[in-house]
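To start, the structure itself, in structure tokens.
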Amino acid sequence: MHLVCLDLEGVLVPEIWIEFSRRTGIPELSRTTRDEPDYDKLMQYRLDLLKAHKLGQPDIHRVIAEMGPMAGARDFLDALRCHYQVIILSDTYYEFAMPLMAQLNMPVLFCHRLEIDAAGFVVNYHLRMPNQKMESVRRFKELNFKVIAAGDSYNDTAMLIAANAGILFHPPRNVIDEFPQFPVTMNYTELRAEIDKASARI
């Protein structure tokens, strides 16, 4: 049985924090691990900004629901799910992603959780486990799945390496150069073709 594992942000939906920053007019929310490599510091900074701007869970859901998936993502995913088991592996949070999942026909999503207080404000975050994309792929292989994984960024490469076949989707140049072993796809037609080729090969 073949299982396809896809990253979420940059593959099916926009980069959530960056797009959320743009739509709320809060440029500080676009800060990423390139600006602050300590993930805990970065998340606390983001949570403080949400509270300072009085953005609770309903506000977050409303803004994110307006984003929508990337053009063609829903059709690509619907067609893929007709032929493969598909799981989305992401380092986002359910409380952020679910409005977008509804627009993608609710695929299975493994990610992390935010802690919401009684007033509806985000007060903390909880990782499901460290390196959860890579670890999930390893466990699927232990269940005798042949895993095909696709992602767009450096933080997906451990998952791609762990899979039986890894594919890059619209990656930055530095990732292409550092990981030449992975085929590079630039649109959903190319990605589907590479998934089908990997399925026939492994």
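Assorted remarks:
- For the chain, the antiparallel share of DSSP beta bridges with both residues in that region comes to about 15%.
- Backbone amide hydrogens, once placed in the peptide plane, bring Tyr93 within less than 5 Å of His112, excluding anything fewer than 5 places away on its chain.
- Calculated mean residue ellipticity, 222 nm, the chain: -12500 deg cm²/dmol, from DSSP H runs (n ≥ 4) at -39500 (n - 2.57) each, averaged per residue and rounded to 500.
- Within region 28-144: Cβ-based charge dipole about Cα centre, in debye rounded to nearest 20 (Lys, Arg +1; Asp, Glu -1): 300 debye
- Computed FRET value (nearest 0.05) for Arg113 with Asp196, which takes r as the C-beta separation and R₀ as 35 Å: 0.55
- Dipole in debye (nearest 20) - the chain, about Cα centre, beta carbon charges: Lys, Arg +1; Asp, Glu -1: 400 debye
- Estimated dipole of region 110-202 in Debye, rounded to 20 [Cβ of Lys and Arg +1, of Asp and Glu -1, Cα centre]: 360 debye
- For region 1-34, trypsin sites (Lys or Arg not before Pro) meeting the loop criterion (DSSP other than H, G, I, E, B) and having at most 11 other Cβ atoms within 10 Å: Arg34.
- Projecting the Cα positions of Val147, Ile88, His61 onto the charge dipole of the chain (unit charges on Cβ atoms of Lys, Arg, Asp and Glu, taken about the Cα centre) puts Val147 furthest along the positive direction.
- Set of lysines near Lys51 by C-alpha distance (under 28 Å), chain-local residues within fewer than 8 positions excluded: Lys41
- Spatial separation of Cα centroids for region 145-202 and region 90-118, in angstrom: 23 Å
- Its relative contact order, with pairs defined as Cα atoms under 8 Å and 6+ residues apart, puts the chain at 23 percent.
- Residues whose amide H falls under 5 Å from that of Tyr125, counting only those 5 or more places apart or on a different chain, are Glu115, with hydrogens built in the peptide plane.
All of the numbers you see were taken from the coordinates with simple rules; none came from a lab. If you're wondering where the values come from, they're calculated on a predicted model, not measured in any experiment. Methodologically, a virtual Cβ is constructed for each residue, glycine included, from the backbone with ideal geometry; neighbour enumeration extends over all protein chains shown.
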